[in-house]
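Chemist: One structure, as C-alpha coordinates, below. Some questions next.
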Amino acid sequence: MKEKIAVIADSATCTGFRLAGAEYTFSLSGKEAEEKLAQLLSDQDFGIIIVTERLLESCDWRLKKRIEATAKPIVVPIPDAQGPIEQSESLSILIKRALGLDLSKKRD
Amino acid sequence: MAENPNPTRMELLKAKSRVRLARKGHKLLKQKRDALIMEFFKILSKAQDLRQELNAKMKKAYTALAVAQAYHGMQEIEAAALAVKRAPGVKVEVRNIMGVKIPSLEVAQTKKKLLERGYSIIGTSAKIDEVAEAFEEALDTIFKLSQTENAIRRLILEIEKTKRRVNALEYVLIPRLENQAKLISFRLEEMERDSFVMLKSIKRKLQKAQ
(Lines give C-alpha, C1' and ligand atoms only; values in the text may rest on other atoms or scores of the structure.)
Protein backbone atom coordinates (compact mmCIF):
# COMPACT_ATOMS: atom_id res chain seq x y z
CA MET A 1 0.00 0.00 0.00
CA LYS A 2 1.22 3.45 -0.88
CA GLU A 3 1.01 6.17 1.68
CA LYS A 4 0.38 9.77 0.88
CA ILE A 5 2.62 12.74 1.31
CA ALA A 6 1.29 15.81 3.09
CA VAL A 7 2.74 19.28 3.27
CA ILE A 8 1.71 21.86 5.84
CA ALA A 9 3.44 25.15 5.16
CA ASP A 10 3.04 28.68 3.94
CA SER A 11 1.45 29.13 0.54
CA ALA A 12 4.71 29.63 -1.39
CA THR A 13 6.23 26.44 -0.03
CA CYS A 14 3.03 24.58 -0.75
CA THR A 15 3.07 25.72 -4.35
CA GLY A 16 6.66 24.61 -4.69
CA PHE A 17 5.91 21.14 -3.39
CA ARG A 18 2.86 20.99 -5.57
CA LEU A 19 5.12 21.53 -8.54
CA ALA A 20 7.21 18.64 -7.28
CA GLY A 21 4.15 16.45 -7.22
CA ALA A 22 3.03 16.44 -3.61
CA GLU A 23 -0.69 15.95 -3.61
CA TYR A 24 -1.88 17.03 -0.22
CA THR A 25 -0.67 20.50 0.53
CA PHE A 26 -2.26 22.58 3.23
CA SER A 27 -1.35 26.20 3.31
CA LEU A 28 -2.28 26.99 6.87
CA SER A 29 -0.77 28.74 9.82
CA GLY A 30 -1.14 29.05 13.57
CA LYS A 31 -3.94 27.16 15.29
CA GLU A 32 -5.40 25.76 12.08
CA ALA A 33 -2.09 24.25 11.06
CA GLU A 34 -1.72 22.66 14.47
CA GLU A 35 -5.15 21.11 14.24
CA LYS A 36 -4.45 19.82 10.75
CA LEU A 37 -1.17 18.31 11.91
CA ALA A 38 -2.86 16.58 14.81
CA GLN A 39 -5.52 15.24 12.48
CA LEU A 40 -2.98 13.96 9.94
CA LEU A 41 -0.94 12.31 12.67
CA SER A 42 -3.71 9.93 13.45
CA ASP A 43 -4.42 9.24 9.80
CA GLN A 44 -2.73 6.04 8.73
CA ASP A 45 -3.08 6.88 5.05
CA PHE A 46 -0.27 9.40 5.29
CA GLY A 47 3.34 8.31 5.25
CA ILE A 48 5.18 11.58 5.53
CA ILE A 49 4.11 14.98 6.77
CA ILE A 50 6.37 17.80 5.74
CA VAL A 51 6.13 20.78 8.07
CA THR A 52 8.09 24.00 8.21
CA GLU A 53 10.42 24.34 11.17
CA ARG A 54 8.85 27.56 12.33
CA LEU A 55 5.44 26.00 12.40
CA LEU A 56 6.65 23.00 14.33
CA GLU A 57 8.44 25.24 16.78
CA SER A 58 5.27 27.15 17.58
CA CYS A 59 3.32 23.97 18.25
CA ASP A 60 1.93 22.96 21.58
CA TRP A 61 4.37 20.84 23.61
CA ARG A 62 1.82 18.05 23.83
CA LEU A 63 1.65 17.86 20.07
CA LYS A 64 5.44 17.85 19.87
CA LYS A 65 5.52 14.95 22.31
CA ARG A 66 3.04 13.11 20.15
CA ILE A 67 5.13 13.73 17.06
CA GLU A 68 8.17 12.35 18.86
CA ALA A 69 6.24 9.26 19.84
CA THR A 70 4.69 8.36 16.51
CA ALA A 71 6.70 6.33 14.04
CA LYS A 72 4.19 6.62 11.28
CA PRO A 73 3.51 9.05 9.72
CA ILE A 74 6.96 10.57 9.84
CA VAL A 75 7.02 14.28 10.49
CA VAL A 76 9.87 16.06 8.75
CA PRO A 77 10.70 19.66 9.56
CA ILE A 78 12.02 21.71 6.65
CA PRO A 79 13.36 25.26 6.55
CA ASP A 80 10.97 27.86 5.18
CA ALA A 81 11.68 30.74 2.82
CA GLN A 82 13.37 32.71 5.57
CA GLY A 83 16.02 30.06 5.97
CA PRO A 84 16.67 27.42 8.61
CA ILE A 85 16.39 28.18 12.30
CA GLU A 86 18.73 26.88 14.94
CA GLN A 87 17.19 23.91 16.60
CA SER A 88 17.60 23.84 20.32
CA GLU A 89 17.67 20.04 20.44
CA SER A 90 19.91 19.51 17.48
CA LEU A 91 21.17 16.06 16.77
CA SER A 92 24.76 16.63 17.70
CA ILE A 93 23.77 17.88 21.14
CA LEU A 94 21.57 14.85 21.64
CA ILE A 95 24.29 12.49 20.50
CA LYS A 96 26.78 14.11 22.82
CA ARG A 97 24.46 13.78 25.76
CA ALA A 98 23.61 10.15 25.07
CA LEU A 99 26.97 8.76 24.11
CA GLY A 100 29.23 11.14 25.93
CA LEU A 101 31.34 11.95 22.91
CA ASP A 102 31.17 14.52 20.19
CA LEU A 103 30.94 12.84 16.85
CA SER A 104 31.08 15.99 14.78
CA LYS A 105 34.48 16.84 16.20
CA LYS A 106 35.88 13.42 15.45
CA ARG A 107 34.91 13.69 11.84
CA ASP A 108 36.90 16.85 11.18
CA MET B 1 12.80 -2.39 50.51
CA ALA B 2 13.42 -1.96 54.17
CA GLU B 3 16.78 -0.62 55.26
CA ASN B 4 16.74 -2.69 58.45
CA PRO B 5 15.40 -6.09 57.54
CA ASN B 6 14.64 -8.81 60.06
CA PRO B 7 17.70 -11.01 60.45
CA THR B 8 16.05 -14.26 59.52
CA ARG B 9 16.94 -16.96 57.10
CA MET B 10 13.83 -16.24 55.06
CA GLU B 11 14.83 -12.62 54.64
CA LEU B 12 18.33 -13.66 53.63
CA LEU B 13 17.03 -15.93 50.92
CA LYS B 14 14.73 -13.21 49.68
CA ALA B 15 17.52 -10.66 49.57
CA LYS B 16 19.80 -13.01 47.71
CA SER B 17 17.20 -13.80 45.10
CA ARG B 18 16.57 -10.09 44.66
CA VAL B 19 20.26 -9.55 43.98
CA ARG B 20 20.21 -12.31 41.43
CA LEU B 21 17.21 -10.79 39.69
CA ALA B 22 18.78 -7.36 39.61
CA ARG B 23 21.97 -8.80 38.13
CA LYS B 24 20.04 -10.55 35.42
CA GLY B 25 18.13 -7.38 34.58
CA HIS B 26 21.34 -5.44 34.52
CA LYS B 27 22.92 -7.84 32.08
CA LEU B 28 19.91 -7.74 29.79
CA LEU B 29 19.73 -3.96 29.81
CA LYS B 30 23.41 -3.76 29.03
CA GLN B 31 22.93 -5.98 26.04
CA LYS B 32 19.99 -3.88 24.93
CA ARG B 33 22.07 -0.74 25.19
CA ASP B 34 24.86 -2.24 23.12
CA ALA B 35 22.46 -3.43 20.46
CA LEU B 36 20.90 0.02 20.26
CA ILE B 37 24.26 1.71 19.94
CA MET B 38 25.25 -0.66 17.17
CA GLU B 39 22.08 0.11 15.27
CA PHE B 40 22.65 3.79 15.89
CA PHE B 41 26.07 3.78 14.28
CA LYS B 42 24.74 1.86 11.33
CA ILE B 43 22.19 4.58 10.64
CA LEU B 44 24.48 7.45 11.53
CA SER B 45 26.80 6.81 8.60
CA LYS B 46 23.84 7.18 6.27
CA ALA B 47 22.47 10.28 7.90
CA GLN B 48 25.58 12.37 7.85
CA ASP B 49 25.18 15.81 6.44
CA LEU B 50 21.74 15.17 5.00
CA ARG B 51 20.41 18.07 7.03
CA GLN B 52 22.87 20.48 5.51
CA GLU B 53 22.09 19.10 2.10
CA LEU B 54 18.41 19.69 2.62
CA ASN B 55 18.94 23.22 3.87
CA ALA B 56 21.01 24.03 0.81
CA LYS B 57 18.51 22.45 -1.53
CA MET B 58 15.57 24.22 0.05
CA LYS B 59 17.39 27.51 -0.24
CA LYS B 60 17.97 26.87 -3.91
CA ALA B 61 14.36 25.92 -4.38
CA TYR B 62 13.09 29.06 -2.69
CA THR B 63 15.36 31.22 -4.81
CA ALA B 64 14.12 29.52 -7.95
CA LEU B 65 10.57 30.03 -6.77
CA ALA B 66 11.16 33.72 -6.12
CA VAL B 67 12.64 34.17 -9.59
CA ALA B 68 9.76 32.35 -11.23
CA GLN B 69 7.34 34.44 -9.21
CA ALA B 70 8.98 37.60 -10.49
CA TYR B 71 8.67 36.37 -14.06
CA HIS B 72 5.20 34.95 -14.05
CA GLY B 73 3.43 35.98 -10.90
CA MET B 74 2.12 33.57 -8.33
CA GLN B 75 -1.06 32.73 -10.15
CA GLU B 76 0.60 31.32 -13.19
CA ILE B 77 2.87 29.16 -11.08
CA GLU B 78 -0.05 27.89 -9.12
CA ALA B 79 -1.88 27.11 -12.34
CA ALA B 80 1.10 25.08 -13.49
CA ALA B 81 1.29 23.39 -10.11
CA LEU B 82 -2.31 22.30 -10.37
CA ALA B 83 -1.55 20.48 -13.59
CA VAL B 84 1.45 18.60 -12.26
CA LYS B 85 1.11 14.88 -12.20
CA ARG B 86 1.07 13.53 -8.71
CA ALA B 87 4.15 11.89 -7.36
CA PRO B 88 3.70 8.27 -6.45
CA GLY B 89 3.21 7.74 -2.76
CA VAL B 90 5.74 6.40 -0.37
CA LYS B 91 5.75 3.18 1.50
CA VAL B 92 6.38 3.47 5.18
CA GLU B 93 7.12 0.45 7.24
CA VAL B 94 7.73 0.44 10.93
CA ARG B 95 10.59 -1.68 12.16
CA ASN B 96 11.00 -2.57 15.77
CA ILE B 97 14.51 -2.48 17.18
CA MET B 98 14.63 -3.46 20.84
CA GLY B 99 11.34 -1.80 21.50
CA VAL B 100 12.10 1.31 19.50
CA LYS B 101 9.81 1.83 16.58
CA ILE B 102 11.75 3.00 13.58
CA PRO B 103 10.21 3.97 10.29
CA SER B 104 11.76 2.81 7.07
CA LEU B 105 10.80 4.14 3.74
CA GLU B 106 10.49 2.97 0.21
CA VAL B 107 10.32 5.66 -2.40
CA ALA B 108 9.57 5.58 -6.05
CA GLN B 109 11.28 8.01 -8.37
CA THR B 110 10.35 11.61 -7.57
CA LYS B 111 12.29 13.30 -10.31
CA LYS B 112 10.39 13.64 -13.53
CA LYS B 113 11.40 14.50 -17.02
CA LEU B 114 10.23 17.79 -18.43
CA LEU B 115 7.44 16.29 -20.47
CA GLU B 116 6.29 13.98 -17.71
CA ARG B 117 5.40 16.77 -15.35
CA GLY B 118 2.03 17.36 -16.86
CA TYR B 119 1.76 21.11 -17.32
CA SER B 120 1.96 22.64 -20.73
CA ILE B 121 5.53 23.41 -21.68
CA ILE B 122 4.34 25.92 -24.25
CA GLY B 123 2.38 27.96 -21.77
CA THR B 124 5.14 28.14 -19.20
CA SER B 125 8.79 29.03 -19.21
CA ALA B 126 11.98 27.38 -18.08
CA LYS B 127 11.76 29.24 -14.80
CA ILE B 128 8.89 27.11 -13.68
CA ASP B 129 10.74 23.98 -14.77
CA GLU B 130 13.62 25.06 -12.58
CA VAL B 131 11.35 25.50 -9.61
CA ALA B 132 9.81 22.10 -10.13
CA GLU B 133 13.18 20.47 -10.46
CA ALA B 134 14.55 22.18 -7.38
CA PHE B 135 11.58 21.12 -5.29
CA GLU B 136 11.74 17.58 -6.61
CA GLU B 137 15.33 17.39 -5.52
CA ALA B 138 14.43 18.80 -2.13
CA LEU B 139 11.65 16.24 -1.79
CA ASP B 140 14.09 13.49 -2.60
CA THR B 141 16.39 14.65 0.16
CA ILE B 142 13.47 14.91 2.53
CA PHE B 143 12.67 11.26 1.91
CA LYS B 144 16.22 10.22 2.64
CA LEU B 145 16.37 12.43 5.67
CA SER B 146 13.06 11.36 7.08
CA GLN B 147 14.03 7.81 7.81
CA THR B 148 17.48 8.50 9.14
CA GLU B 149 17.02 11.59 11.25
CA ASN B 150 13.85 10.38 12.83
CA ALA B 151 15.33 7.00 13.61
CA ILE B 152 18.47 8.51 15.09
CA ARG B 153 16.49 10.80 17.33
CA ARG B 154 14.45 7.92 18.65
CA LEU B 155 17.44 5.65 19.10
CA ILE B 156 19.33 8.30 21.00
CA LEU B 157 16.49 8.93 23.40
CA GLU B 158 16.16 5.21 24.01
CA ILE B 159 19.89 4.76 24.45
CA GLU B 160 19.91 7.53 27.00
CA LYS B 161 17.05 5.97 28.91
CA THR B 162 18.60 2.51 28.86
CA LYS B 163 21.95 3.85 29.92
CA ARG B 164 20.42 5.57 32.88
CA ARG B 165 18.71 2.38 33.92
CA VAL B 166 21.89 0.34 33.56
CA ASN B 167 23.79 2.79 35.70
CA ALA B 168 21.07 2.98 38.30
CA LEU B 169 21.13 -0.79 38.64
CA GLU B 170 24.88 -1.07 38.63
CA TYR B 171 25.74 1.71 41.02
CA VAL B 172 22.71 2.07 43.26
CA LEU B 173 20.35 -0.83 43.37
CA ILE B 174 22.70 -3.80 43.22
CA PRO B 175 25.15 -2.49 45.84
CA ARG B 176 22.28 -1.65 48.13
CA LEU B 177 20.76 -5.10 47.82
CA GLU B 178 24.12 -6.75 48.31
CA ASN B 179 24.69 -4.69 51.42
CA GLN B 180 21.38 -5.79 52.76
CA ALA B 181 22.14 -9.46 52.16
CA LYS B 182 25.51 -9.05 53.81
CA LEU B 183 23.97 -7.33 56.80
CA ILE B 184 21.49 -10.15 57.32
CA SER B 185 24.10 -12.86 57.05
CA PHE B 186 26.34 -11.06 59.55
CA ARG B 187 23.49 -10.77 62.00
CA LEU B 188 22.67 -14.43 61.56
CA GLU B 189 26.26 -15.49 62.18
CA GLU B 190 26.40 -13.24 65.21
CA MET B 191 23.27 -14.79 66.61
CA GLU B 192 24.64 -18.27 66.03
CA ARG B 193 27.84 -17.45 67.90
CA ASP B 194 25.75 -15.89 70.66
CA SER B 195 23.67 -18.97 71.19
CA PHE B 196 26.72 -21.23 70.99
CA VAL B 197 28.47 -19.33 73.76
CA MET B 198 25.29 -19.34 75.80
CA LEU B 199 24.95 -23.09 75.48
CA LYS B 200 28.57 -23.58 76.49
CA SER B 201 28.22 -21.46 79.59
CA ILE B 202 25.01 -23.20 80.63
CA LYS B 203 26.70 -26.53 80.19
CA ARG B 204 29.60 -25.39 82.38
CA LYS B 205 27.24 -24.15 85.07
CA LEU B 206 25.35 -27.42 85.03
CA GLN B 207 28.61 -29.38 85.41
CA LYS B 208 29.63 -27.20 88.36
CA ALA B 209 26.29 -27.77 90.04
CA GLN B 210 26.62 -31.51 89.91
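The values are calculated or read from the model by the stated rules, or taken from the named source; none is laboratory data. In this text, all values refer to a predicted model and were calculated from it rather than measured experimentally. All Cβ positions, even for glycine, are placed from backbone atoms using ideal geometry, and neighbour counts span all protein chains on display.
Chemist: Select from the range B:8-57 the residues that are within 18 Å of the chain's Cα centre (by Cα) and of a type in the set (D, E, K, R) and write down the one among them that is modelled with the lowest pLDDT.
Modeler: Per the stated criteria, the residue is B:Lys46.
Chemist: Out of all the residues in the range B:167-180, is one or more within 13 Å of another protein chain (Cβ to nearest Cβ), closer than 22 Å to B:Leu21 by Cα and part of a helix (DSSP H, G or I)?
Modeler: Yes, there is a match, as at least one residue in the range B:167-180 is within 13 Å of another protein chain (Cβ to nearest Cβ), closer than 22 Å to B:Leu21 by Cα and part of a helix (DSSP H, G or I).
Chemist: While we're looking at this one, here's another question. Which of the residues belonging to the range A:7-27 are without any contact (Cβ under 8 Å) to a residue 60 or more places away in the chain, touching a helix residue (DSSP H, G or I) at 6+ places or on another chain (Cβ under 8 Å), facing another protein chain (nearest Cβ under 9 Å) and not polar (S, T, N, Q)?
Modeler: A:Gly16, A:Phe17, A:Arg18, A:Leu19, A:Ala20, A:Gly21, A:Ala22
Chemist: Mind checking whether some residue in the range B:28-48 is part of a loop (DSSP other than H, G, I, E, B), within 11 Å of chain A (Cβ to nearest Cβ) and surrounded by fewer than 16 Cβ atoms within 10 Å (Cβ to Cβ)?
Modeler: Yes, the conditions are met somewhere in the range B:28-48.
Chemist: Also, I was wondering about something else. For the subset of the range B:94-104 comprising residues that are touching a residue at least 24 places away in the same chain (Cβ under 8 Å) and at the interface with chain A (Cβ under 7 Å from one of its Cβ atoms), which member is nearest to B:Asp129 (Cα to Cα)?
Modeler: If we take residues in the range B:94-104 being touching a residue at least 24 places away in the same chain (Cβ under 8 Å) and at the interface with chain A (Cβ under 7 Å from one of its Cβ atoms), then B:Pro103 is nearest to B:Asp129 (Cα to Cα).
Chemist: Take the residues of the range A:28-54 that are of a type in the set (A, V, I, L, M, F, W, C) and within 14 Å of another protein chain (Cβ to nearest Cβ): which is nearest to B:Ala151 (Cα to Cα)?
Modeler: The qualifying residue nearest to B:Ala151 (Cα to Cα) is A:Ile48.
Chemist: Here is a follow-up. Going by the conditions given, is A:Glu57 surrounded by fewer than 21 Cβ atoms within 10 Å (Cβ to Cβ), in contact with a helix residue (DSSP H, G or I) (Cβ under 8 Å, 6 or more places away or on another chain) and either closer than 20 Å to B:Val94 by Cα or away from every other protein chain (no Cβ under 12 Å) (or both)?
Modeler: No, not satisfied.
Chemist: Follow-up question, since we're still on this one. Look through B:Ala80, B:Ala61, B:Ala66 and report the one residue that is at the interface with chain A (Cβ under 10 Å from one of its Cβ atoms), of a type in the set (A, V, I, L, M) and either in contact with an Asp or Glu (Cβ under 8 Å, 6 or more places away or on another chain) or part of a loop (DSSP other than H, G, I, E, B) (or both).
Modeler: Of the residues listed, the single one that is at the interface with chain A (Cβ under 10 Å from one of its Cβ atoms), of a type in the set (A, V, I, L, M) and either in contact with an Asp or Glu (Cβ under 8 Å, 6 or more places away or on another chain) or part of a loop (DSSP other than H, G, I, E, B) (or both) is B:Ala61.
Chemist: When you scan the range A:28-49, how many residues do you find that are within 14 Å of A:Ala71 (Cα to Cα) and either buried (at least 19 other Cβ atoms within 10 Å of the Cβ) or not small (Gly, Ala, Ser) (or both)?
Modeler: 9
Chemist: Further question on the same structure: Would you pick out the residues in the range B:83-93 that are touching a residue at least 24 places away in the same chain (Cβ under 8 Å) and more than 7 Å from chain A (Cβ to nearest Cβ)?
Modeler: B:Ala83
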